[in-house]
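Worksheet for the structure shown next.
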Amino acid sequence: MENNSINDLGITKGQWTVEVIRDGKDGPVVISRQTVPNTILNVGKKQIFRMASSLSTKAFKYMKLGTSSAAIVSTQTNAQAVLASSLKLVDTYTMSGRTFQLIFSYHTGSTGLSATLKEMAIWNTATSAGGSAFSRALLTSPIPKTKSDKVKLTYTARLT
């Protein structure tokens, strides 16, 4: 039987791990960790096909953070309430077998990422014009970050 649905590709699963890291007397300490699922957005699925067919070279290597806790629906195209200073180029990206991983870090002094942070989106351009969001995820609770803490966001997806 032929697969006719993009969901049959197995790219609908992925998760974020959000860690708040604080300097302790013996080195860095993870003071908070949340793991949350994501939703692959329709525009992200379309962009995967565009990349696979050489119609686009825009890779998913940016992240935007937001303050909206609105429910995720697959027709969304971005984080719903983007924090202006949150656009971040990926620090590390890897592909091992069928597992893809992106790591983003916000270092000490990053503002606006504490109780206001509620959503994350992976993006393929530094600006919204002409770009596509791959996925969106919501935190289950605000992160307890102070200005002296670091935040590490890891996105992991596996093709099944």
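Restricting attention to the range 146-160, and to residues there that are more than 11 Å from the chain's Cα centre (by Cα) and hydroxyl-bearing (Ser, Thr, Tyr), which single residue is modelled with the highest pLDDT?
It comes out as Ser148.
Quick one: how many residues across the range 77-106 are among the small types (Gly, Ala, Ser) and exposed (fewer than 12 other Cβ atoms within 10 Å of the Cβ)?
Within the range 77-106, the first condition is being among the small types (Gly, Ala, Ser), and the residues that meet it are 79, 81, 84-86, 96-97, 105.
Now narrow it down to the ones that are exposed (fewer than 12 other Cβ atoms within 10 Å of the Cβ): 84, 96-97.
Adding up the residues that qualify gives 3.
Gly27 versus (1) surrounded by 15 or more Cβ atoms within 10 Å (Cβ to Cβ); (2) at pLDDT 80 or above: which is the lone unmet condition?
In the conditions (1) surrounded by 15 or more Cβ atoms within 10 Å (Cβ to Cβ); (2) at pLDDT 80 or above, Gly27 misses (1) alone.
Taking the range 23-76 only, how many residues are closer than 26 Å to Asp149 by Cβ and in contact with a helix residue (DSSP H, G or I) (Cβ under 8 Å, 6 or more places away or on another chain)?
So the answer is 4.
I need every pair where a residue in the range 97-109 that is of a type in the set (Lys, Arg) has its Cβ under 9 Å from the Cβ of a residue that is at pLDDT below 80 and surrounded by fewer than 16 Cβ atoms within 10 Å (Cβ to Cβ), sequence separation at least 6 or different chains.
If the second residue must be at pLDDT below 80 and surrounded by fewer than 16 Cβ atoms within 10 Å (Cβ to Cβ), the pairs left are Arg98/Gly10; Arg98/Arg158; Arg98/Leu159; Arg98/Thr160.
Restricting the first residue to the range 110-135 and requiring it to be farther than 18 Å from Thr35 by Cα and surrounded by fewer than 14 Cβ atoms within 10 Å (Cβ to Cβ), which pairs with a second residue that is of a type in the set (A, V, I, L, M) and at pLDDT 65 or above meet a Cβ separation below 7 Å and a spacing of at least six or different chains?
Close Cβ pairs satisfying both conditions: Ala126/Leu87.
The values are calculated or read from the model by the stated rules, or taken from the named source; none is laboratory data. Remember, predicted model here, so these are calculated numbers, not experimental data. When we count neighbours, we look across all protein chains shown, and the Cβ atoms used for this are built from the backbone with ideal geometry, even at glycine.
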